[in-house]
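A.B. asks: Supplied in structure tokens, the structure appears directly below.
The values are calculated or read from the model by the stated rules, or taken from the named source; none is laboratory data. None of these values were measured; they are calculated from a predicted model. All Cβ positions, glycine included, derive from the backbone under ideal geometry; neighbour counts span all protein chains shown.
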Amino acid sequence: MVASDFAMLGVPHRLVLGLLLFFALLVGAQAAEHRYWLLLDRDANPGTGCTQATVNGAVPGIDLRFQLTVNTTTSAAVVSRLEQSVCTGSSFAAATLIENGPWPAGLGIGGNGFAVLEAAVPRGVLPTTGTSTAWAMSDNGSGGQDATTAFAIAWAEVNALPV
């Protein structure tokens, strides 16, 4: 599935690029399990939702946490699963599987030679209008972590889906 397929489903290109490119982090050459998260504050209100620890400090207001797991060897990388955790009260519920891999990671095909990791989440778990706040974070499996600063995602209403 490519970005134009998502547009046909009523998902804005910016969202698709955001969800895909936030996972476009360099995948190391050693054998390991790497994890990448997209943290979503659906209502852009830090007073609601759960608090998530990141390498840059605590992030309040997270409603949804998507985790992409990538397994690497010295010569390849595959996405092994995509999971979702929903904030219930003040803690995240156990992760539920969205998609079970494997599917290939695009090693070296992203900008500046970075790897590109692709995933899609069900439209029904995302807001239909308004603006949300999001963060992306990663863990390379051997102590290396990274996180973005907050960024906004503007949602467009879906008027119709192709049948």
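A.B. asks: So which strands (runs of 3 or more DSSP E) are wholly in segment 38-93 and hold at least 1 residues that are at pLDDT below 95?
C.D. replies: In segment 38-93, 64-72, 77-88 are the strands (runs of 3 or more DSSP E) which contain 1 or more residues that are at pLDDT below 95.
A.B. asks: Within segment 132-150, track down each residue that is within 19 Å of residue 42 (Cα to Cα) and either hydroxyl-bearing (Ser, Thr, Tyr) or touching a Gly at 6+ places or on another chain (Cβ under 8 Å) (or both). Working first, answer last.
C.D. replies: The initial filter retains those residues of segment 132-150 that are within 19 Å of residue 42 (Cα to Cα), namely 132-137, 147-150.
Across segment 132-150, the qualifying residues are 132, 133, 134, 148, 149.
A.B. asks: Starting from residues that are among the acidic types (Asp, Glu) and either on the phi > 0 side of the Ramachandran plot or in contact with a Leu (Cβ under 9 Å, 6 or more places away or on another chain) (or both), keep the ones in segment 33-88 and report whichever is surrounded by the fewest Cβ atoms within 10 Å (Cβ to Cβ).
C.D. replies: Out of the qualifying residues, it is 83.
A.B. asks: With (1) under 17 Å from residue 36 (Cβ atoms); (2) at pLDDT below 95; (3) not aromatic (Phe, Trp, Tyr) as the list, and residue 124 as the residue in question, which single condition is left unmet?
C.D. replies: Result: residue 124 fails condition (1) only.
A.B. asks: Now for a separate question. Looking at segment 129-144, I want the residues that are closer than 14 Å to residue 53 by Cβ and have a partner that is assigned to a strand (DSSP E or B) and of a type in the set (Ser, Thr, Tyr) with Cβ atoms under 9 Å, at least 6 apart or on another chain. Which pairs are those?
C.D. replies: 135/54; 137/36; 137/54; 138/36; 139/36
A.B. asks: Can residue 22 be described as within 17 Å of residue 125 (Cβ to Cβ), surrounded by 14 or more Cβ atoms within 10 Å (Cβ to Cβ), at pLDDT below 95 and within 17 Å of the chain's Cα centre (by Cα)?
C.D. replies: Considered against the rule, which asks whether it is within 17 Å of residue 125 (Cβ to Cβ), surrounded by 14 or more Cβ atoms within 10 Å (Cβ to Cβ), at pLDDT below 95 and within 17 Å of the chain's Cα centre (by Cα), residue 22 comes out as yes.
A.B. asks: Do we have any residue at all in segment 100-110 that's outside any loop (DSSP other than H, G, I, E, B), modelled with pLDDT of 95 or more, loosely packed, with under 13 Cβ neighbours inside 10 Å and of a type in the set (S, T, N, Q)?
C.D. replies: yes
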